[in-house]
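Asks: Once you've had a glance at the structure underneath, I'll fire off some questions.
Derivation of every value follows stated rules applied to the coordinates shown; laboratory data play no part. Being a predicted model, the structure only gives us computed values, none of them experimental. Positions of Cβ are generated from backbone atoms using ideal geometry, with glycine treated the same way; all protein chains shown enter the neighbour counts.
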Amino acid sequence: MGIRDILKKKDDLSTGQPPEKGTINHLAAPEFTIIRSDTSTQERIYPPSIKSVDNLHLAVQEPKEKDKPRRSLDVFRSGRPRSASESSQTKKESGARRLSQRLHLSRAPPSSENVPENLPDIVTSDEAQWEKRATMLAGQNNRARSNSRPGTPSDSSRGEERAVSSQQIDQDIQEAIRLHEEGKLELSTRMFGRLADPQGANNPLSQVLYGLALRHGWGCAPDPEGAVKYLSAAASNSASIEQMALQAGMKKGGAAKGELVLAIFELANCFRHGWGIEKDAYAAKQYYETAANLGDTDAMNEIAWCYVEGFGCKKDKFAAARYYRLAEKAGNKTLGNSWIWKEKYDPPGEGNRK
């Protein structure tokens, strides 16, 4: 994506309409049969039925007497059936184990230092709630960067008091873009760096563009870690401005909404690919989904991909179809996705409307 495209995307995010209303409905989990076996025996494991919710223990079907144990190729295994050498106490303990323990599926809920523990689950398409969610992500990311590398650009507290932009800064950004498009990448990147300096202009849009230049090596040596620092600074600075706008009752956000969404989306790319930071699928999914619900059509396609592949979340083709549809209706169509318009993926009461 070129710089002009990035700027157009930022303007669209600042002035565009929020995505369609509606929530993401999840498909019911499919039924499955679980059989555990070794070289001697096999047993079928039955999950608890709905009628026995008070008793969540597993019922294990014992092997039939007429079923002979299979031959083992293990020369160190005794000729006796395995069940003959196990005590009855062991059998009772084994039968009492839960399904998740048998399959080693017990795990804590997904978490990340880059995602707040109290991040709200939004069940409406209220743009103000999603923007508040974006400011929370930006704040948590800033704290995570500060704890790991004190003194980084994202630590700046001056951004809260500094204006988002000025006429001179806007002119300098346009000049840097012109230099970039003419192939004078070194001069362009140097200019973006000056405008992005937390001790200088501290401009959020310049911090996004300078972060991209560092990440991809536009007129400079690639510096993925430096890119994360400046993208985090952009998210933090724009989030503080948007937070004040939300507190003032502005439902559509403030002057830095476009910069905030761009920074959130690009940080999601960093978490997904491990650019300048450790890969974090859970954080990438949360950042993508937040940007998508604030109107970023690229993020809509990416969060749909996350739901298709189960990247940072459970697989959910219904949710994937929902976001792919939103992106396509907004003009960002992904080829080969005709399946998303199948009737079974229609939200309740909405129908198949392209």
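Asks: Expressed in nm to one decimal, what extension gain is obtained for the pair TRP341 and ILE35 from 0.36 nm per residue of sequence separation less their Cα-Cα distance?
Replies: Residue separation times 0.36 nm, minus the Cα-Cα distance, leaves 106.5 nm.
Asks: Same structure again: Between ARG190 and ARG44, what is the label-point separation in nm under the 7 Å Cα-to-beta-carbon projection?
Replies: In this crude spin-label approximation the distance works out to 7.5 nm.
Asks: Report the relative contact order of the range 278-327, percent, no decimals, based on alpha-carbon pairs under 8 angstrom and at least 6 residues apart.
Replies: 34 percent
Asks: For each of MET300, MET1, MET191, MET244, count neighbouring Cβ atoms within 10 Å of the residue's Cβ, then give the residues from fewest to most.
Replies: MET1, MET244, MET191, MET300
Asks: How do LYS8, LYS257 line up, fewest other C-beta atoms within 10 Å first?
Replies: The most exposed by this proxy come first: LYS8, LYS257.
Asks: GLN199 to LYS315: FRET efficiency via 1/(1 + (r/R0)^6), r the Cβ-Cβ distance, R0 41 Å, to the nearest 0.05?
Replies: That pair, GLN199 with LYS315, gives E of 0.35.
Asks: Exposure proxy check: TRP218, TRP130, TRP341 ranked by fewest other beta carbons within 10 Å?
Replies: TRP341, TRP218, TRP130
Asks: Where in the range 292-354 are there GluC sites (Glu not before Pro) that are in a DSSP coil and have at most 14 other Cβ atoms within 10 angstrom of their Cβ?
Replies: Passing sites in the range 292-354 are GLU350.
Asks: Take the cross-link list LYS285/LYS314; LYS10/LYS257; LYS257/LYS329; LYS285/LYS342 and give me the ones stretching past 20 Å between alpha-carbons.
Replies: LYS257/LYS329; LYS285/LYS342
Asks: Further question on the same structure: How much length would be gained if the chain were fully extended between SER125 and LYS279, taking 0.36 nm per residue of separation minus their Cα-Cα distance, in nm to one decimal?
Replies: Contour length minus the Cα-Cα distance gives 52.6 nm.
Asks: Hey, could you get me the Stokes-Einstein D for the range 280-354, Kirkwood radius over alpha-carbon pairs, 37 °C and 0.692 mPa s, rounded to whole µm² s⁻¹?
Replies: So the translational diffusion coefficient is about 268 µm²/s.
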